[in-house]
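The values are calculated or read from the model by the stated rules, or taken from the named source; none is laboratory data. Bear in mind the structure is a predicted one, so any value in this text is a computation, not a measurement. A quick note on method: Cβ atoms are made from the backbone with ideal geometry, for glycine too, and the neighbour counts reach across all protein chains shown.
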Amino acid sequence: MLYKAYEIQRSMLNAGSAMASMSADMLGNPRNPLSGFGGTQMLASALEVFAHAAAPRAKPAFGLKTVTVGGKAHAVNETVVIHKPFCDLRMFTHDGLGPDAPRLLLVAPMSGHYATLLRGTVERMLESCVVYITDWADAKFVPLEDGRFDLDEYIDYLIGFLEYIGPGAHMMAVCQPSVPALAATGVMAVRDNPCRPLTLTMMGGPIDTRESPTAVNDHAIARPYVWFKHNVITTVPVNYPGAGRQVYPGFVQLASFMSMNLGSHMMSHYGLFKHLVQGDGESADSTKAFYDEYRAVCDMTAEFYLQTVDVVFQTHALPKGELVHQGILVDLAAIKDTAILCIEGERDDISGIGQTKAALKVTPGLPDKLKKYHLAPEVGHYGIFNGSRWRSAIAPVVDSWIEAHEKAAKSGKLKVVR
């Protein structure tokens, strides 16, 4: 019933958004003799804010056309190199990269938003690396006959992607995928898989949520596992290809995140209203662009969401050495030659300080010289991987880490078979 109720509401809001948009255009049209009056402009601006908030949103495109390196613009080439039911592996490159450019697997979160949330991350890392990114599918569009998708499948997908990219690749996980990325590295280390990553960078990830718990962590442990199963899981309706699939809907995830910072979101929309009234189109467009991306959400399979709640937030299986993958215990002590960089934001209200750094504690077989920790001052969760602080202060740390281990591998100090 939850999904059906949402679909009815969505249809009504879509119609309301269209009407509000047309009314705003009419009131703001210079041919309208009343358009110059202050009250008319305020009403038109209010209608435009409502129209934008209620408008439907499809999956955004990455839209990366060029990347500038050393003052020279290079055309970006984007291709899908692997297609799987629950994920496309996209590759971004440009002609300014040499044949020996580092290859980076960027693991996007499967947490309700699309991989395009990392557009800025891709753009910055593309300056020096061939970038591959996991473009996770919206579960409501995956037919039931394509099977289930849980944390085990997630880990297997990452291993398969690294094997496709080949030995000597680097991996970067942003937020939630830090857990499966570290687990995949451990599984590959046990198997002595030659395609295990040369470096693993984890940013704002919930490796051990017992460290500095946040409101997100508190929410996940405040109720028993069965509560989540019976209250936030619903069935995809018949108007989607994934009809009948059990999912954690993206609109529920979005509502949860919006409610956590409701005051700031309301002020952002009030700011949008003021920008429109003042005719500040540039500032208004910036706010609109952020919410176009933020409100574009997708569904997760129920089995993946529930397993994540269980093993990541409630039982802390990975840091306790109890995570099982395909029936076999994940041994993080087997990681001996994948250099690990952990990055956290001082003001992160999603993954608290110490949660990602915990990865350095649970990998006892890795020498200290292959471990690094970076705390980004005055940076929140989103700012770790996007925005000016990311580009100017955090990305250079990642660049240096990757470059140092690329050189070590090429000099023979690290054994890597390309």
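Just one of (1) in a loop (DSSP other than H, G, I, E, B); (2) at pLDDT below 95; (3) over 24 Å from the mean Cα position of the chain (by Cα) fails for Lys320. It is (2).
Going by the structure shown, is Gly352 outside any strand (DSSP E or B), free of Cβ contacts under 8 Å to residues at least 40 places away in the same chain and within 22 Å of the chain's Cα centre (by Cα)? Against the criterion (outside any strand (DSSP E or B), free of Cβ contacts under 8 Å to residues at least 40 places away in the same chain and within 22 Å of the chain's Cα centre (by Cα)), Gly352 does not qualify. Report yes if some residue within region 244-259 is among the basic types (Lys, Arg), surrounded by fewer than 18 Cβ atoms within 10 Å (Cβ to Cβ), outside the structural domain of Gly186 (by TED's automatic domain parsing) and over 21 Å from Arg347 (Cα atoms); otherwise report no. For region 244-259, residues among the basic types (Lys, Arg), surrounded by fewer than 18 Cβ atoms within 10 Å (Cβ to Cβ), outside the structural domain of Gly186 (by TED's automatic domain parsing) and over 21 Å from Arg347 (Cα atoms): absent.
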